[in-house]
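Beneath this line is the structure, given in structure tokens, with notes to follow.
The values are calculated or read from the model by the stated rules, or taken from the named source; none is laboratory data. Note that this is a predicted model, so its numbers are computed, not measured. Virtual Cβ from ideal backbone geometry, glycine too; neighbours counted across all protein chains shown. Remember, those area values only see protein heavy atoms, side chains included, never the ligands or the DNA or RNA. Shrake-Rupley method; radii C 1.70, N 1.55, O 1.52, S 1.80 Å.
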Amino acid sequence: MSKSSKRILVIHGPNLNLLGRREPEVYGTQTLADIDSSLDAAAKELDIEIDAFQSNHEGELIDRIQEAMGVASGILINPGGFTHTSVALRDALLATGLPIVEVHLSNVYAREDFRQKSFVSAIALGVVSGLGADGYRFGLEALARHVDG
Ligand code: DQA
């Protein structure tokens, strides 16, 4: 553990492991490793620690979110397709009592109707949608600033 007191859990939901190859016209050409390393660089500048986790499995995401209780200061999450379907993921996020920032690479409000409902947005501090990979960094900065008070 470094001297930094702020730890942000970064959660990447299903299919985000395919970034770079998956519908690049929608999600861009950066891979998940590219995004994580740009978040690492941003975290150093912000003097925070980040802990990134990706899974295609709802239960694994929920387990990881529960583990953040009492340990992390906030959660940056792209819930992928679970955004639009998962009450259980929302409940887990809510249970942590932590500030949440929701990120989407694409602008979900400019896409299919079913993407315009998010189970997470109403419990989030804020949502970044449609700004591509940069959106993760913007979300991280906003979360760090919020945690700083
Ligand atoms: C996404 C948008 C979701 O609707 C989709 O299911 C994803 C990615 C995004 O980052 O734009 O998997 O969360």
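Side notes on the structure shown:
- Answer residue from the stretch 29-45, given it is open to solvent by 60 Å² or more (accessible area, probe 1.4 Å) and in contact with a Gly (Cβ under 7 Å, 6 or more places away or on another chain) and is farthest from the ligand (Cβ to nearest atom) among those: THR29
- Residue-level check: of (1) more than 16 Å from the ligand (Cβ to nearest atom); (2) open to solvent by 70 Å² or more (accessible area, probe 1.4 Å); (3) over 16 Å from ALA124 (Cβ atoms), ILE48 misses just (2).
- Those residues of the stretch 92-125 which are more than 15 Å from the ligand (Cβ to nearest atom) and either at positive phi or charged (D, E, K, R) (or both), in sequence order: GLY97
- Filtering the stretch 55-91 to residues that are open to solvent by less than 50 Å² (accessible area, probe 1.4 Å), more than 10 Å from the ligand (Cβ to nearest atom) and within 14 Å of the chain's Cα centre (by Cα) leaves SER55, LEU61, ILE62, ARG64, ILE65, ALA68, ALA72, SER73, GLY74, ILE75, LEU76, LEU89.
- Any hit, the stretch 47-70, residues being at pLDDT below 95 and among the aliphatic types (A, V, I, L, M): no
- Helices (runs of 4 or more DSSP H) fully within the stretch 1-90 counting 2 or more residues that are among the β-branched types (Val, Ile, Thr) and farther than 21 Å from LEU131 by Cα: 58-67
- The set of residues in the stretch 1-28 that are of a type in the set (Val, Ile, Thr) and either at pLDDT below 95 or exposed (fewer than 12 other Cβ atoms within 10 Å of the Cβ) (or both) contains only VAL26.
- The set of residues from the stretch 100-133 being more than 14 Å from the chain's Cα centre (by Cα) and of a type in the set (Gly, Ala, Ser) comprises ALA110, ALA122.
- Every pair of residues 6+ apart whose Cβ atoms lie under 7 Å, when the first sits in the stretch 8-34 and is over 17 Å from GLU112 (Cβ atoms) while the second is of a type in the set (Asp, Glu): LEU9/ASP51; VAL10/ASP51
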